[in-house]
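**Q** For reference, the structure I am asking about is given below.
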Number of protein chains: 2
Amino acid sequence: MHHNLSSSLLENAVQEFSKLPGIGRKTALRLVLHLLKKEKHEVEAFGNALIQLRREIVYCKVCHNISDTEVCHICSNTSRDNSIICVVESIKDVLSIENTQQFRGLYHVLGGVISPMDGVGPADLQIESLINRVQSGDVNEVILALSTTMEGDTTNFFLFRKLTVIDIKITTIARGISIGDELEYTDEVTLGRSILNRVEFTNSYK
Amino acid sequence: MHHNLSSSLLENAVQEFSKLPGIGRKTALRLVLHLLKKEKHEVEAFGNALIQLRREIVYCKVCHNISDTEVCHICSNTSRDNSIICVVESIKDVLSIENTQQFRGLYHVLGGVISPMDGVGPADLQIESLINRVQSGDVNEVILALSTTMEGDTTNFFLFRKLTVIDIKITTIARGISIGDELEYTDEVTLGRSILNRVEFTNSYK
């Protein structure tokens, strides 16, 4: 049971923070008391950053990634390879792949995966716009980079059937043992797959 | 190394969240993406709650606790016992004690403890206003409820010397073994103190 704090302003701020995932009431109070000690303009910068983000955010009309502009800075970057599209579930995946600095192509954010259990069908995802993009563009290769779950596999298969009629290469990101992992602790399915999908040993694998 | 996110609005919101204690960049991103999925009015309620708190908060002119009004709802509550004042370091301590529902007196928030190392002297704390309160009021008892640190002890001693000339009872909260704790795992100092400060066994201790 919780008592009201001595101030309804404080109570309100704590309740708002507690709504965030993984933030309990104790943490919320700690964060709010931290903000109270900050200068007025710092707290206003924080609050306004969130309000402005939610108000002004747009999604790139090409790849559906978060953007400040109609076409995002990845899609509009002419130094990137527009012949390769990497298909991902969410914005977070774009950030993860960008952080690897290993991919210089473009993205396509589906907005989820096909999941009949959750009522998500192909029409709820950015699949039609992907097909249009691949058909109308200079695309040579589509990389499917979805989760290795049943829903991810279902979506991969659905996309494969749609894309295979177009003359492009369809690939999927390599699944296997994480770098630094010991075989002993790798799950059987991953280990099995990594043997089936073994690659030729070259200097780059040293 | 971090790359800029695809949106400066997003980057800005993530950076603001990362400034909070205990919130790293990954958590910040997770929280911001969560807010992005919320309705506009919900995010505005969150941002405005923080801004409003920082702008409008006042401190009770009697006890210096956080308040919405000149005199806080504890000090102005006539059903509370105004003959007992519990002296604490911070607002958090008021909340902790209120949550126990065991105290019906009033508080006095010092705003810290005497700490020469951190440049905090008696004049930086709400000590003078405590003395004035005790001298001018109907106070019978002052409970010292400060941390059991060297600084807390120094402050206790300082307050004791100031208060002992006034005809009131001065007490301090009981230190001892936590309820549910095993002796085996209690630190020596706490165990030693709890033996020195032993209390008569009564039915209430069963």
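The values are calculated or read from the model by the stated rules, or taken from the named source; none is laboratory data. Since we're looking at a predicted model, the values are computed, not measured. Reconstructed Cβ throughout: ideal geometry from the backbone, glycine too, with neighbour counts over all protein chains shown.
**Q** Assigned by TED's automatic domain parsing to the domain that holds A:Glu141 and farther than 24 Å from B:Gln15 by Cα: does that describe A:Val94?
**A** On the way: assigned by TED's automatic domain parsing to the domain that holds A:Glu141: yes; farther than 24 Å from B:Gln15 by Cα: no.
No, not satisfied.
**Q** Please state which one of A:Lys26, A:Lys38 is more than 7 Å from chain B (Cβ to nearest Cβ), over 22 Å from the mean Cα position of the chain (by Cα), under 26 Å from B:Gly24 (Cβ atoms) and part of a loop (DSSP other than H, G, I, E, B).
**A** Checking each option against the conditions leaves just A:Lys38.
**Q** All but one of (1) surrounded by 13 or more Cβ atoms within 10 Å (Cβ to Cβ); (2) among the basic types (Lys, Arg); (3) free of Cβ contacts under 8 Å to residues at least 12 places away in the same chain hold for B:Lys40; state the number of the condition that does not hold.
**A** (1)
**Q** Further question on the same structure: Check B:Ile97, B:Ile166, B:Ile114 and return the single one that is of a type in the set (A, V, I, L, M, F, W, C), modelled with pLDDT of 80 or more and more than 28 Å from A:Thr27 (Cα to Cα).
**A** Values: B:Ile97 fails: more than 28 Å from A:Thr27 (Cα to Cα); B:Ile114 fails: more than 28 Å from A:Thr27 (Cα to Cα).
Going through B:Ile97, B:Ile166, B:Ile114 in turn, just one is of a type in the set (A, V, I, L, M, F, W, C), modelled with pLDDT of 80 or more and more than 28 Å from A:Thr27 (Cα to Cα): B:Ile166.
**Q** If you don't mind, another one. Does A:Arg80 meet the test of being within 22 Å of B:Ala13 (Cα to Cα), in contact with a Lys or Arg (Cβ under 6 Å, 6 or more places away or on another chain) and of a type outside the set (S, T, N, Q)?
**A** No: the conditions fail for A:Arg80.
**Q** Filtering the range B:48-66 down to residues that are facing chain A (nearest Cβ under 7 Å) and either touching a strand residue (DSSP E or B) at 6+ places or on another chain (Cβ under 7 Å) or of a type in the set (Phe, Trp, Tyr) (or both), which residue is nearest to A:Gly47 (Cα to Cα)?
**A** So the residue we want is B:Ile57.
**Q** Check whether at least one residue in the range A:67-81 is among the charged types (D, E, K, R), facing another protein chain (nearest Cβ under 9 Å) and at negative phi, and report yes or no.
**A** Looking for residues that are among the charged types (D, E, K, R), facing another protein chain (nearest Cβ under 9 Å) and at negative phi, one finds at least one in the range A:67-81, hence yes.
**Q** Whether any residue in the range B:104-116 is under 17 Å from the mean Cα position of the chain (by Cα) and either at the interface with chain A (Cβ under 8 Å from one of its Cβ atoms) or over 30 Å from B:Met150 (Cβ atoms) (or both) is what I want to check.
**A** yes
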